[in-house]
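Just below is one structure, and these are the notes that go with it.
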Amino acid sequence: MKLQNRHLLGLDGMSKEDISAILDTAVLFKEVLERPIKKVPPLQGKTIVNLFFESSTRTRISFELAERRLSADVVTFSTAGSSVSKGETLKDTARNIEAMKIDMVVIRHPAPGASHFLSRVVDANVINAGDGGHEHPTQGLLDMFTLRDKYGRLENLKVCIVGDITHSRVARSNIYGLTTMGAEVSVCGPATLIPRDIEKLGVKVFHRLEDVVQDVDVINVLRIQLERQESGLFPSLREYHRYFGVTKEKVSKASKPITIMHPGPINRDVELSADLADSEHSVILQQVTNGVAVRMAVLYLLGTSN
């Protein structure tokens, strides 16, 4: 299998065929991860650099593990104490690293579009591990993989994303990917945290969680970034939890079991109650496991297509 693009910069515009190819390949790698020996040789001799300009323990470790499982040589580049902190530009950093003859770059950066810029100035394959409030494509892919693994399909699946949609790269990648694959997507949250005209992306908008639970199969709960409260976008964490916190009490009013997702880390008893996060309806730990398989699939498909 070969993807149409040599980079993974986002799910906006990615074809159904490419998404399916990644998800199908991830099935094979999930089987590899269940073996006693979890290492395979497809990327032996390839060098992958992880450029993380933002701290993200979960995503970084997931990518590093996926890279090592594929037998790649891995270098993780931290901005702390580096030339970046002394004023070196992203372009200079990338070109200096590429001069070391690397094959792939995984980048996480606070600026939207950083991965797109990088793909234009280096010859290596570029994978976006999150760029500002733009996209987080591998999170979107692992969420879709988790749902397809549970339900056997994505088409006509009803998924509601709850929380801070405006600032969420996870929400964007999920919306682009799920709608492409035929799912019915809605969003729910305070009006101050939902972008204007988001309906143009093919989603429904709700401002009451009670209006959502009767009709959905899945609720994907977004982490509330606590600094948003300081911006006055919602009155208090207590008020947010009261109206938009996903709890067992609210979900119990549904006519059928609802699958609970969360990209992590969780603010327990803020956006998601602790008992629901740990319940049989939660697939949060499966998301973490599936993240390694999906990232292995992406790395393999890009790294072996040159």
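Of the residues making up region 3-24, those that are closer than 24 Å to ILE102 by Cα and either in contact with a Pro (Cβ under 6 Å, 6 or more places away or on another chain) or surrounded by 12 or more Cβ atoms within 10 Å (Cβ to Cβ) (or both) are LEU3, ASN5, ARG6, HIS7, LEU8, LEU9, GLY10, ILE22.
For region 128-148, taking the residues that are out of contact with any Pro (no Cβ under 6 Å at 6 or more places or on another chain) and among the charged types (D, E, K, R), the one that is surrounded by the fewest Cβ atoms within 10 Å (Cβ to Cβ) is identified as ARG148.
For PHE77, the stated conditions do not hold, so it cannot be described as surrounded by 15 or more Cβ atoms within 10 Å (Cβ to Cβ) and at pLDDT 90 or above. With respect to (1) buried (at least 17 other Cβ atoms within 10 Å of the Cβ); (2) closer than 20 Å to GLN4 by Cα, the lone exception for LYS46 is condition (2). The residues on offer are TYR151, TYR243, TYR176, and the sole one that is more than 27 Å from PRO112 (Cα to Cα), among the hydroxyl-bearing types (Ser, Thr, Tyr) and either touching a residue at least 60 places away in the same chain (Cβ under 8 Å) or crowded, with 21+ Cβ neighbours inside 10 Å (or both) is TYR151. Looking across region 26-39, the residues that are touching a residue at least 24 places away in the same chain (Cβ under 8 Å) and either assigned to a loop (DSSP other than H, G, I, E, B) or surrounded by 19 or more Cβ atoms within 10 Å (Cβ to Cβ) (or both) come down to ALA26, PHE29, LYS38, LYS39.
Quick one: in region 154-163, of everything that is surrounded by fewer than 24 Cβ atoms within 10 Å (Cβ to Cβ) and in contact with a helix residue (DSSP H, G or I) (Cβ under 9 Å, 6 or more places away or on another chain), which residue is nearest to GLU271 (Cα to Cα)? Among residues in region 154-163 that are surrounded by fewer than 24 Cβ atoms within 10 Å (Cβ to Cβ) and in contact with a helix residue (DSSP H, G or I) (Cβ under 9 Å, 6 or more places away or on another chain), the one nearest to GLU271 (Cα to Cα) is LEU157.
Of all residues in region 49-74, those satisfying the criterion of being hydrophobic (A, V, I, L, M, F, W, C), surrounded by 17 or more Cβ atoms within 10 Å (Cβ to Cβ) and under 21 Å from MET144 (Cα atoms) are PHE63, LEU65, ALA66.
The values are calculated or read from the model by the stated rules, or taken from the named source; none is laboratory data. What you see is a predicted model, and the numbers here were worked out from it, not measured in a lab. For neighbour counting, all protein chains shown are included, and Cβ atoms are generated from backbone atoms with ideal geometry for every residue, glycine included.
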